[in-house]
Amino acid sequence: MDDQATRLRRLVEGKNANTGRVQESGGTAGAPASGARVIAVTSGKGGVGKTNLTVNLAIALGRKGQRVIVLDADLGTANVDVLLGTSSRQSLMSLTQENVQLEDVLIRGPYGVSYISGGSGMEHAGELSLLQRQAIFNKLAGCDEWADIILVDTGAGVGRNVLDFIMASDEVLLVTTPEPTSMTDGYVVLKACRQLGIAQPVRLVVNRVFDIIESDETAKRLMGTAEKFLDMELQTLGFILDDGNMMRAVRRQMPILAAYPDSLASKCIEALSESLLTGQKQQVKMGWQGFLRKFFHNVH
């Protein structure tokens with residue numbers, strides 16, 4: 001009998017084992033042999049920028065020709081709706097209704113972002129009957145034809161739903177900040193995943209850093225701790241510079257890539273999307289803003 005993680009993988013990813021469809025998008029580092037590439041974006045605590053990264057990463061990947069769907073699996077908080085300035089009447093749980101189809105819950109949002117809201121019933125996903133699960137699975141299977149990459153915005157922490165979505169995905173992005181509490185909570189997530197026998201790659205994204213040195217120091221601390229105490233090898237995807245424009249964009253209910261496309265944080269996210277597709281190290285051109293940032297920081 002399939003365990004819960006396997007069932008959730010089928011629920012989230014929507015792969016149909018009978019089709020054997022081969023992915024045609026090409027160029028995606030770590031992509032599975034068939035079907036969409038499913039990436040869980042998670043964090044140890046709230047407020048570290050996880051959903052912001054997910055939405056903006058979807059925009060950046062879309063600009064690079066990738067078909068992306070965001071699954072808002074953050075326990076019905078509808079943060080994706082908030083960041084996009086939209087609202088959704090249907091959610092993932094609506095697929096249990098006979099007259100609701102995938103196209104009814106798949107929202108074609110602004111800035112080219114397509115997403116499915118978890119809705120207020122997401123926390124009750126584990127209570128679904130076999131028939132309800134099958135209905136959701138059958139309808140979600142269409143995502144495989146509509147997307148090259150599915151980004152799953154999980155909740156924060158180590159709740160059952162969070163860990164199920166993490167374990168069901170092909171890859172995991174763990175978002176943290178240099179704050180000790182964020183790193184500690186991130187380690188707790190890694191420990192829980194290790195205890196569940198995680199096999200898929202986990203990569204770090206260090207948010208709100210002053211410069212690449214702070215990013216490297218933060219990543220090395222967390223990677224070293226995971227290797228020493230969990231015998232777990234982590235990788236780094238990259239970093240996002242601390243940028244006041246991010247909060248300004250949130251207040252405007254716009255993704256920063258749309259509100260402030262030339263900002264330092266936007267450049268970092270664009271570079272992260274490139275690294276995600278190519279597997280190469282993140283390269284960020286800081287430009288004049290970066291020069292001023294470094295210069296005035298070093299002036300005594």
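If we scan region 278-288, do we find a residue that is surrounded by 22 or more Cβ atoms within 10 Å (Cβ to Cβ) and touching a residue at least 60 places away in the same chain (Cβ under 8 Å)? No, region 278-288 contains no residue that is surrounded by 22 or more Cβ atoms within 10 Å (Cβ to Cβ) and touching a residue at least 60 places away in the same chain (Cβ under 8 Å). Quick check: is even one residue across region 226-248 among the polar types (S, T, N, Q), exposed (fewer than 15 other Cβ atoms within 10 Å of the Cβ) and closer than 24 Å to V82 by Cβ? Within region 226-248 (the criterion being among the polar types (S, T, N, Q), exposed (fewer than 15 other Cβ atoms within 10 Å of the Cβ) and closer than 24 Å to V82 by Cβ), the answer is no, since none of the residues qualifies. Checked against (1) modelled with pLDDT of 95 or more; (2) under 26 Å from T86 (Cα atoms); (3) in a loop (DSSP other than H, G, I, E, B), D262 meets all criteria but (1).
Comparison of D164, D216 shows that the only residue that is under 15 Å from the mean Cα position of the chain (by Cα) and acidic (D, E) is D164. Across region 170-208, the qualifying residues are those that are assigned to a strand (DSSP E or B) and closer than 10 Å to V48 by Cα, and the one among them that is farthest from the chain's Cα centre (by Cα) is R208. I'm trying to understand the selection: among the residues of region 141-161, which are part of a helix (DSSP H, G or I) and more than 30 Å from V188 (Cβ to Cβ)? Answer for region 141-161, where residues must be part of a helix (DSSP H, G or I) and more than 30 Å from V188 (Cβ to Cβ): C143, D144, E145, W146. The set of residues in region 42-61 being at pLDDT below 95 and on the phi > 0 side of the Ramachandran plot consists of G47 alone.
Consider R251 carefully, then state whether it is charged (D, E, K, R), surrounded by fewer than 17 Cβ atoms within 10 Å (Cβ to Cβ) and in contact with a helix residue (DSSP H, G or I) (Cβ under 7 Å, 6 or more places away or on another chain).
no
Residues in region 241-277 that are polar (S, T, N, Q) and without any contact (Cβ under 8 Å) to a residue 40 or more places away in the chain were compared, and the one that is nearest to A60 (Cα to Cα) is S275. For region 81-111, the set of residues classified as on the phi > 0 side of the Ramachandran plot and either part of a loop (DSSP other than H, G, I, E, B) or at pLDDT below 90 (or both) consists of G85 only.
The combined condition, being among the hydrophobic types (A, V, I, L, M, F, W, C), in a strand (DSSP E or B) and at pLDDT 90 or above, is fulfilled by I39.
Listed by first and then second residue, the pairs with beta-carbon distance under 8 Å, at least 6 apart or on different chains, first residue in region 229-240 and at pLDDT 95 or above, second assigned to a strand (DSSP E or B) and among the polar types (S, T, N, Q), are F239/N207; I240/N207.
Looking at region 62-80, which of its residues are at pLDDT 90 or above and either part of a strand (DSSP E or B) or surrounded by fewer than 24 Cβ atoms within 10 Å (Cβ to Cβ) (or both)?
G62, R63, K64, G65, Q66, R67, V68, I69, V70, L71, D72
Take the conditions among the acidic types (D, E) and touching a helix residue (DSSP H, G or I) at 6+ places or on another chain (Cβ under 9 Å) and apply them to D243. Does it pass? Answer is yes for this residue.
The values are calculated or read from the model by the stated rules, or taken from the named source; none is laboratory data. Here the structure is a predicted model, which is why all the values come from computation and not from measurement. With ideal geometry, Cβ positions are generated from the backbone for all residues, glycine too; neighbour counts draw on all protein chains shown.
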